[in-house]
Amino acid sequence: MTSKEKTWTWRDIPVGAVVEEPGNASEYLTGGWRSERPVFTPDHCVQCGLCYVYCPDAAIVMTREGYPDIRLDYCKGCGICARECFMSTFGLSCFEMVDEEEFR
Ligand code: SF4
Ligand code: SF4
């Protein structure tokens, strides 16, 4: 039996590796890739915004009060925010990376 794919011509092959609609990254919820979750504690936060700047996934937004708020739908759990937090210089990072299994 011939599979459907075998009957395709080049005109039928879906377009790949092309962003057809600029700005559509927000439609892709990548938080499901995470194995660790950054947990924020405000006790030592100096509201510098470095975590916001360093997050490679733009998963951190700053609240009106000046604190980071993590959008878990997009956070991939890389841990950069925990490492680059200004307070980590003093061994007091405001983020702790916690095994994602603990939230299930
Ligand atoms: S763990 Fe990585 S992706 Fe998630 S908020 Fe921190 S820097 Fe961004
Ligand atoms: S880098 Fe650390 S101290 Fe600065 S805003 Fe983010 S959590 Fe707060």
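The values are calculated or read from the model by the stated rules, or taken from the named source; none is laboratory data. Everything quoted here is computed from the prediction, not taken from an experiment. A quick note on method: Cβ atoms are made from the backbone with ideal geometry, for glycine too, and the neighbour counts reach across all protein chains shown. Remember, those area values only see protein heavy atoms, side chains included, never the ligands or the DNA or RNA. Shrake-Rupley method; radii C 1.70, N 1.55, O 1.52, S 1.80 Å.
Hey, how much of the P(r) for region 1-78 falls beyond 20 Å, as a percent of Cα pairs? Here the tail beyond 20 Å accounts for 53 percent of pairs.
Of all the options 43, 73, 57, the one that moves most in a Gaussian network model of the chain with Cα springs shorter than 10 angstrom is 43.
The string of couplings for region 50-63 from the Karplus curve (6.51, -1.76, 1.60, θ = phi - 60°) is 4, 4, 4, 5, 7, 4, x, 10, 6, 8, 10, 10, 9, 6 Hz, one whole number per residue in order, with x for Gly and Pro. The GNM of the chain, with springs linking C-alpha atoms under 10 angstrom apart, assigns the highest mean-square fluctuation among 11, 64, 37 to 11.
Give me the percent of the accessible area of region 35-104 that comes from carbon and sulfur atoms, probe 1.4 Å, all protein chains in place. Write out the running numbers ahead of the final one.
Details: 2190 of 4440 Å².
Percent of accessible area from carbon and sulfur atoms in region 35-104: 49.
Over region 55-104, Cα pairs under 8 Å with separation of 6+ residues give a relative contact order of 24 percent.
Each 5 Å bin from zero up to the one holding the largest Cα-Cα distance in region 35-104 carries the following percent of pairs: 3, 19, 31, 26, 15, 5, 0.
What percent do you get for the relative contact order of the chain when only Cα pairs under 8 Å and 6+ apart count? All intermediate terms of the calculation are to be shown ahead of the outcome.
On the way: 139 pairs, mean separation 32.8, N = 104.
Result for the chain is 32 percent.
Only the Cβ atoms of Lys and Arg (+1) and of Asp and Glu (-1) were treated as charged; on that basis the dipole of the chain about its Cα centre amounts to roughly 300 debye.
Our helix-only sum for the chain, with -39,500 (n - 2.57) per DSSP H run of n ≥ 4 divided by its residues, gives a mean residue ellipticity at 222 nm of -2000 deg cm²/dmol.
Ranked by accessible surface with a 1.4 Å probe, highest first, in what order do 33, 8 come?
Values: 33 180, 8 95 Å².
The most accessible residue leads, giving 33, 8.
Among 61, 53, 15, the largest mean-square fluctuation in a Gaussian network model of the chain (Cα springs under 10 Å) belongs to 15. A 1.4 Å probe run over the protein chains yields, for the chain, 76 Å² of accessible area per residue, whole-number rounding.
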